[in-house]
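Working notes, beginning with the structure itself.
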Amino acid sequence: MKNTYIKHIALTVLMGLFLNACGGGSSSSSTNYSSATLKVPSCGITDDLGKSVAEDVTGKTIQKMEDGAEVRIWHSPDSTKLACMISGEAVIVDN
């Protein structure tokens, strides 16, 4: 019985860590941008360094919402730009 209890606690802790790493669905209520802007998606840990989840930001401005925020940007030969967040938070603002 004690062994099952320990496994249950370990599984719960691992699930909590996984959800926290994936964003966990928590939202920040202290941001100061309108709902018309989009949040830059997190790059995650995929093999392509997040390019598959990156947002098209061609002709738009990225506004960092906190000091130290890091954004990864891909510049394509056809002049398109894709972006995702390495750390912190930023929004995409239409020009």
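Computed extension gain for D47 through S87, at 0.36 nm per residue and net of the alpha carbon distance, reaches 12.7 nm.
Of all aspartates and glutamates in the structure, the ones whose alpha carbon falls short of 12 Å from that of K81, not counting any fewer than 8 places away in one chain, are E55, D56. The alpha-carbon of K51 sits under 13 angstrom from the alpha-carbon of none of the aspartates and glutamates, leaving out residues fewer than 8 places away in its chain.
Read-outs: derived from the displayed coordinates by stated rules, not from any lab. Remember, it's a predicted structure, so these values are computed and weren't measured experimentally.
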